[in-house]
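One structure is given below, encoded as C-alpha cells.
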Ligand SMILES: *Cc1c(COP(=O)(O)O)cnc(C)c1O
C-alpha cells in the first residue's frame, strides 16, 4: 500500500532534515477536518494545521468547491498582461479587510518570496523618491522571515537555523525588540545614527513564530511605528504566521491598532489549500512607483503569481472568515489550550507555558528532541512537531473540544506533567 514511499524515498530531499538519521516520514492517505489519516488507517489529530495553514480544517467543502469550479474554468494563466476575477476580487477584498490604506496587493506563491518583494518595494521606494543609500533593514532577535538568501539575513542570526550562512550575504541590523525603555532607547539611537542607510524595519507582530513562539505586547508595535516615523524609515509587518485570525484578530496589526507601510501574508491565506502569498503596500508606497517613468516600475513577476486556483481558494477562505464563526472558535481554543497546557509548567525542563489566540506554547530551557517527541505524540494519535525549544499547538479553528483535550492530554502525558486539570 505504501510502495510509493520506499520507491520514492531515495529521490525526495526532505525539509529541515538530516535524512540519514531522521525517522521515516509518516505516509498520509488523506485529510479530513482536523485530522490526518495515514496509509495504515491510523488517524492523527493535527495540532499544527500543516505549518499554520489549514485554519478552517482540511477539505473544507466551500473551499474545495471554489477550487474545483475554477479548475474547470481556468487553472492558470500568466498574470503579465492578463487579468482574472479570482485575483482581482481577492485584491479588492484584502484591501477592504486590511486597516488603513494598505490597498495595493502584489501576489506571489510563497511567504519568503513575498518578504523578498516587500524588501524590494522598500528599497525601491527610496530610490524612486530620489533618496540614495537606503538599502538595509532592521529586524529583531527571535525573528523568522523565510529561508531564501535575502530573508535569511533578517532572521535571528543565532537562534535561527541559518547561522551557517553568516557572512554569505550582506549583514543587516538584527536587534532587540523595544520591549522596555533601554531597548527602545537603543533602537532610537541606532536609527538616529544609521537611519540614512536603512530602508525599513521588519517585524512579526505580536508573536515571533518559527524563531520560538515569542510573544510581545502591542505596545512594542506602537513604539516601532513611532520610531519608524521619527526617523523616516518604513515599517513592514510580516503577518505570514499571524494573519487570518491566529492571534484572535483577523490581522495582528488591526488588533494592535498599528498600520504598517507594507504587510506580507501567506500561510493561512488560502485556508491551507494552495500556495499563495501577497505583499500589500500602503498608498504612499504605491504612489512612489506610479509614474510616467517606466524605470520606476516594480520589476517583479513570479511565473505562478496570482494563480487562479489559489486565488479562488483564498476567496472562499475569506467567505468563511466573513461568516464569522472563527472568532468564537479562536477564543474557545485559547481557553482549552491554556487549561490543557498550564499543568506542563511543573514538568522537567519546562521554563514557560503561554497562549495567544489559537497558539499554545510549552517552552523548555534547551532544544528538545523534536523527532523523538514527534514520534511519541504520533503513537498517541496526535500530529505535533516541536521546534527548537518549544512544543506548541496551532490547531485548525474547527478542532473540537474533544480533539483539543486529546492534543493537550498527549503533551501532558509525554512530558510527564500531572494529568489532573482540577
Ligand atoms: C513561514 C513564514 C515565512 C516563510 O514563508 P514560506 O512560505 O515558508 O516561504 C516568512 N515569515 C513568517 C513570519 C513565517 O511564519
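For the pair region 143-165 and region 325-347, the centres of their Cα atoms are 30 angstrom apart. Mean projection of the Cα convex hull over all viewing directions, computed for region 152-251: 6.6 nm². Put a dot 7 Å past the Cα of residue 50, heading toward its Cβ, do the same for residue 11, and the two dots end up 2.3 nm apart.
The convex hull of the Cα atoms of region 292-422, projected and averaged over all directions, covers 12.5 nm². Most simply put, the chain has about 65% antiparallel DSSP beta bridges, counting only bridges with both residues inside it. A Cα-only calculation for the chain places Rg and Dmax at 21.6, 68 Å.
Neighbour counts of C-beta atoms inside 10 Å place 113, 12 in the sequence 12, 113, starting with the fewest.
Note on 119, 299: ascending count of other Cβ atoms within 10 Å places them as 299, 119, the fewest first. Axis angle, to the nearest 10 degrees, between helix 181-194 and the longest C-alpha principal axis of the chain: 40 degrees.
Multiplying the residue separation of residue 42 and residue 82 by 0.36 nm and subtracting their alpha-carbon distance yields 9.9 nm. With q set to 0.16, 0.18, 0.19 Å⁻¹, the log10 of I(q)/I(0) for region 1-156, from the Debye formula over equal scatterers at the Cα positions, is -1.31, -1.38, -1.39. Compared with the dominant principal axis of the Cα atoms in the chain, helix 218-230 is inclined by about 20°.
The distance linking region 269-285 with region 14-88 is 17 Å (Cα centroid to Cα centroid, whole angstrom).
In what sequence do 233, 410 fall when counting other Cβ within 10 Å, fewest first?
Numbers: 233 25, 410 20.
Listed from fewest to most nearby Cβ atoms, that is 410, 233.
Size descriptors for region 227-366: radius of gyration and Dmax over Cα atoms are 19.2, 64 Å. The orientation-averaged projection of the convex hull spanning the C-alpha atoms of region 266-329 amounts to 6.0 square nanometres. Structural descriptor for the chain: relative contact order 21 percent, calculated from alpha carbon pairs under 8 angstrom and at least 6 residues apart. Can you tell me what share of the DSSP beta bridges in region 74-323 is antiparallel? A percent to the nearest 5 is fine. Beta bridges within region 74-323, antiparallel portion: roughly 50 percent.
Would you calculate the convex hull of the Cα atoms in region 74-323 and tell me its volume per residue in Å³? Mind showing how you got there, number by number?
Working: hull volume 31.0 nm³, N = 250.
Given the Cα convex hull of region 74-323, per-residue volume reads 124 Å³.
Contact order normalised by length for region 1-82, with contacts defined as Cα pairs under 8 Å and 6 or more residues apart; what percent is it?
Over region 1-82, the number comes to 18 percent.
In this simple spin-label approximation, residue 95 and residue 72 carry label points 7 Å from Cα along the Cα→Cβ vector, and these lie 3.1 nm apart. Computed from the Cβ-Cβ distance with R0 of 22 Å, the FRET efficiency linking residue 185 to residue 219 stands at 0.90. Both radii are taken from the alpha-carbon atoms of region 117-193; with Rh as the Kirkwood radius, Rg/Rh is 0.99. Label positions at residue 376 and residue 194, each projected 7 Å from the Cα along the C-beta direction, are separated by 4.1 nm. Just how far, in whole angstrom, is region 178-205 from region 368-408 if you go by their alpha carbon centroids? Each part reduced to its Cα centre gives a spacing of 36 Å.
Calculate, for residue 164 and residue 3, the FRET efficiency according to 1/(1 + (r/R0)^6) with r their C-beta to C-beta distance and R0 22 Å; round to the nearest 0.05.
Numbers: r = 36 Å, r/R0 = 1.64.
About 0.05, to the nearest 0.05.
Residues in region 16-46 near a label at residue 413, defined as backbone nitrogen under 15 Å from the 7 Å Cα→Cβ point? Under 15 Å, as judged by backbone N against the label point of residue 413, lie 43-46 of region 16-46. Computed from Cα atoms, the angle from the helix 308-323 axis to the main principal axis of the chain rounds to 70 degrees. Note: relative contact order over region 74-323, using C-alpha pairs below 8 Å and six or more positions apart, is 28 percent.
FYI, it's all coordinate maths here, none of it is from the lab. Keep in mind it's a predicted model, so treat the numbers as computed, not measured. Note that we place each Cβ from the backbone using ideal geometry, even for glycine, and neighbour counts take in every protein chain shown.
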